[in-house]
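Remarks on the structure that follows.
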Amino acid sequence: MIKVDGHTFLRSGEKIGFIDGDYIKNHDGDKVGYCRDEHVFDMAGHKLAYIEDDRICFRDSSRKIRVEDNNDDIVGGDLSNLQKAAVRVLLGE
């Protein structure tokens, strides 16, 4: 589980990253990706995932995660479903 505290992401009490606008940054402050127009991108601009209806779909597989389940895994804060999807995709589950 990842806890959102303001703009900071914590796993087991340790900072793993934060959000800065559309960008997700790791704990060192390096940009690891961003979200825009219902898609999650890496910093090279490759689409990694997208939201379709109530599912997070991954570009390179048939794997899908319900948005509701993702919201149970990324708790707190005031992030959109897309931002929470980006956290999961870019910083891990």
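The values are calculated or read from the model by the stated rules, or taken from the named source; none is laboratory data. Everything quoted here is computed from the prediction, not taken from an experiment. We place every Cβ from the backbone using ideal geometry, glycine too, and count neighbours over all the protein chains shown.
For the stretch 76-89, does any single residue satisfy the condition of being at pLDDT 95 or above, buried (at least 17 other Cβ atoms within 10 Å of the Cβ), in contact with a Phe, Trp or Tyr (Cβ under 8 Å, 6 or more places away or on another chain) and outside any helix (DSSP H, G or I)?
no
Conditions: (1) touching a Leu at 6+ places or on another chain (Cβ under 9 Å); (2) in a helix (DSSP H, G or I). V32 meets all but one. Number of the miss?
Result: V32 passes all but (2).
For residues that are acidic (D, E) and in a strand (DSSP E or B), scanning just the stretch 38-75, find the one that is modelled with the lowest pLDDT.
By that ranking, first place goes to E52.
Report yes if some residue within the stretch 9-19 is charged (D, E, K, R) and more than 21 Å from D78 (Cβ to Cβ); otherwise report no.
So far as the stretch 9-19 goes, yes, one or more of its residues are charged (D, E, K, R) and more than 21 Å from D78 (Cβ to Cβ).
Please find, among K3, K31, the residue that is among the basic types (K, R), touching a residue at least 24 places away in the same chain (Cβ under 8 Å), in contact with a Phe, Trp or Tyr (Cβ under 8 Å, 6 or more places away or on another chain) and surrounded by fewer than 16 Cβ atoms within 10 Å (Cβ to Cβ).
Details: K31 fails: touching a residue at least 24 places away in the same chain (Cβ under 8 Å).
K3 is the lone residue from the list that is among the basic types (K, R), touching a residue at least 24 places away in the same chain (Cβ under 8 Å), in contact with a Phe, Trp or Tyr (Cβ under 8 Å, 6 or more places away or on another chain) and surrounded by fewer than 16 Cβ atoms within 10 Å (Cβ to Cβ).
How many of the residues in the stretch 15-27 are loosely packed, with under 12 Cβ neighbours inside 10 Å and either within 12 Å of L91 (Cβ to Cβ) or touching a strand residue (DSSP E or B) at 6+ places or on another chain (Cβ under 6 Å) (or both)?
0
Just to be sure I understand, how many residues within the stretch 61-75 are more than 21 Å from N26 (Cβ to Cβ) and crowded, with 20+ Cβ neighbours inside 10 Å?
The total comes to 0.
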